[in-house]
Amino acid sequence: MLPLEGLRVLDFAQFLAGPMAALRLADLGAEVIKIERPGVGDLCRTLVISDQKVGSDSLLFHTINRNKASVAADLKDAFDLEKVKHLLKTSDVMIHNFRPGVMERIGLGWEDVREINSRLVYGAVTGYGTTGPWVKKPGQDLLVQSLTGMPWLSGDQDHPPIPAGFAVLDITCGNHLVQGIMAALLRREKTGVGAQVEVDLMSSAIDMQFELFTAFLNGDGSMSKRSAISNANASVGAPYGIYACKDGYLAIAMAPIAALADLLDCDALTPFSDPEVAFVRRDEIKSILRDHLLTQTVAHWLERLEPADIWCSKVLDWPELIATEGFAALDVLQTITAPDGSLIRTTRCPIRIDGETGKSERGGPALGADSSAYLD
């Protein structure tokens, strides 16, 4: 029995952050029902990435909406809205990511819903919170990253701002919502009363940067400067970074420069053995490492560094990753079935319960496939 079995979740959310939270609850055993617009559905159904579709839907939709049911209901229609409100009476959690004010106008704001079901946990995702001059801006991952300083932390000092190469804020914000929902459910067991849980992409982005942002807040007020060479963390000294070798790339995290000088047979590093200079002279150190590591293969350097417990790793791409024994041992993949019978390989829930990983063969639902089961 999964921990959330018996819990009912209504997922009104679209795209990624909200549906990501509902997906994780489904992975943990909850019954998740997507409430979608008739004929259109979650707009993620048309958000095609890498030119991949399953039937008429995007592959992405099925990736993030697997193991859910779908109810088609027009929330602007009084008859459909009344049926949805009736469904809310038997639900434990509700999730939406409409802009501030939208659900209130429909009649499904927090104050409205708590009158329908006082035990319900009401989860809402926004881009920038519910007050302030940015509330009407589009809450899209790349745009929020750009407003929070994140792109100035990746790449080398002479590079332009570089964003994360995937929807990092949607995923993180979705997980923050799950944390809040779980805490509210736990409190409900003690009090019998539900709660409103609110998260926003902007706050999640700032939270993700807490380490460097705290240094900024307690520093001289200037932005952290990226290393000019092999930057991987703007606040960490040498050798922290990724370096080209003869046949690939090697990542080195924290390591005493004196130990590297010896293990790599690199006399040029010896003058930098004092740990106090690892940050202030990081680019000098990294330039020496860059030129020296390029002379041999990744395997050559790993044979020297790993036995000495130096934190290092080969930089793998996805084809290399899935061919490793380490990847196979994790058992992180599963196969799900789309409504048209197509088989989709995707990831599983990363959480283990009692030593077991939760998997389900159920793919994303066809639009409105479960309407009669829940609304009639």
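Of the residues G18, L59, F79, the one whose Cα sits farthest toward the positive end of the charge dipole of region 1-82, with +1 on the Cβ of Lys and Arg and -1 on the Cβ of Asp and Glu, is L59. Applying 0.36 nm per residue to the separation of A215 and A268 and subtracting their alpha-carbon distance, the gain on full extension is 15.9 nm. Scanning residues 5 or more positions from Q296 or on other chains, those with amide H under 5 Å from its amide H are K246, with H placed 1.01 Å from N in the peptide plane.
For region 129-195, what's the relative contact order in percent, using C-alpha pairs closer than 8 Å and at least 6 residues apart? With pairs under 8 Å counted, the relative contact order is 20 percent.
Between the helical axis of 282-293 and the dominant principal axis of the chain, each derived from Cα atoms, what acute angle in degrees is found, rounded to the nearest 10? On a 0 to 90 degree scale, this one is about 80. The charge dipole of the chain, taken about the Cα centre with unit charges on the Cβ atoms of Lys, Arg (+1) and Asp, Glu (-1), comes to about 1040 debye, rounded to the nearest 20.
Taking only the C-alpha atoms of region 210-294, the Rg (one decimal) and the largest Cα-Cα distance, Dmax (whole number), read 13.5, 42 Å. Across region 62-73, coupling constants 3J(HN,Hα) worked out from phi with the 6.51/-1.76/1.60 Karplus curve, θ = phi - 60°, read 6, 5, 9, 10, 5, 6, 10, 9, 10, 10, 8, 8 Hz, and Gly and Pro carry x. Divided by 2.2 N^0.38 Å, where N counts the residues, the Cα radius of gyration of region 19-92 comes to 1.20. Computed extension gain for A373 through A258, at 0.36 nm per residue and net of the alpha carbon distance, reaches 34.6 nm.
Relative contact order of the chain, taken over Cα pairs closer than 8 Å and 6 or more residues apart, is 18 percent.
Surface analysis of region 288-376 yields an accessible area of 64 Å² per residue, using protein heavy atoms and a 1.4 Å probe. Computed 3J(HN,Hα) for region 254-268, one whole-Hz value per residue from the Karplus formula 6.51 cos²θ - 1.76 cosθ + 1.60 where θ = phi - 60°, is 6, 6, x, 4, 4, 5, 5, 4, 6, 5, 9, 6, 10, 4, 5, glycine and proline marked x. Based on every Cα atom in the chain, Rg and the maximum pairwise Cα distance Dmax equal 24.7, 79 Å. Round to the nearest 0.05 the FRET efficiency obtained for R304 and V48 when R0 = 56 Å and r is the Cβ-Cβ distance. It comes out at approximately 0.75.
Converting phi to 3J(HN,Hα) with the Karplus coefficients 6.51, -1.76 and 1.60 and the offset θ = phi - 60°, region 208-217 yields 4, 9, 3, 4, 6, 5, 5, 4, 5, 5 Hz in sequence order, with x at every glycine or proline.
Net charge dipole, region 32-120: roughly 180 debye, given to the nearest 20, about the Cα centre with Cβ charges of +1 for Lys and Arg and -1 for Asp and Glu. Taking a ≥ b ≥ c as the square roots of the Cα gyration tensor eigenvalues, with a/c under 1.5 meaning rounded and otherwise prolate when a/b beats b/c, else oblate, which class fits region 1-125? Judged from the Cα gyration tensor, region 1-125 comes out oblate (a/c at least 1.5, b/c at or above a/b). The residues packed around I64, meaning those with a beta-carbon under 12 Å from its beta-carbon, carry a net charge of 0 if Lys and Arg are +1 and Asp and Glu are -1. Among the listed pairs K34/K85; K68/K136; K34/K83; K34/K137, those with a Cα-Cα distance over 23 Å are K68/K136; K34/K137. The Cα atoms of region 156-235 give a gyration tensor whose axes a ≥ b ≥ c have a/c of 1.5 or more with a/b greater than b/c, which makes the shape prolate. By DSSP, what percent of the beta bridges with both residues in the chain are antiparallel, rounded to the nearest 5? Of the beta bridges lying entirely in the chain, close to 40 percent run antiparallel.
For A228, the amide hydrogen comes within under 5 Å of the amide hydrogens of Q157, counting only partners 5 or more places away or on other chains and with H modelled in the peptide plane.
Positive-end ranking of I257, V277, T295 along the dipole of region 248-314, with charges on Cβ about the Cα centre, is headed by T295. Between the residues G341, G364, I353, the greatest Cα displacement towards the positive end of the dipole of region 332-376, with unit charges on the Cβ of Lys, Arg, Asp and Glu, is found for I353. Amide hydrogen proximity for Y249: with H placed 1.01 Å from N in the peptide plane, the residues at 5 or more positions away or on another chain lying under 5 Å are V315.
Overall, the anisotropy analysis places region 89-191 in the prolate class: the square-rooted eigenvalues a ≥ b ≥ c of its C-alpha gyration tensor yield a/c not less than 1.5, with a/b exceeding b/c.
Considering only the Cα atoms of region 280-376, their convex hull presents on average a projected area of 12.7 nm².
The values are calculated or read from the model by the stated rules, or taken from the named source; none is laboratory data. Every value quoted in this text rests on a predicted model; they were computed, and no experiment measured them. When we count neighbours, we look across all protein chains shown, and the Cβ atoms used for this are built from the backbone with ideal geometry, even at glycine. Heavy atoms of the whole protein, side chains included, go into the accessibility calculation; ligands, DNA and RNA do not. Shrake-Rupley method; radii C 1.70, N 1.55, O 1.52, S 1.80 Å.
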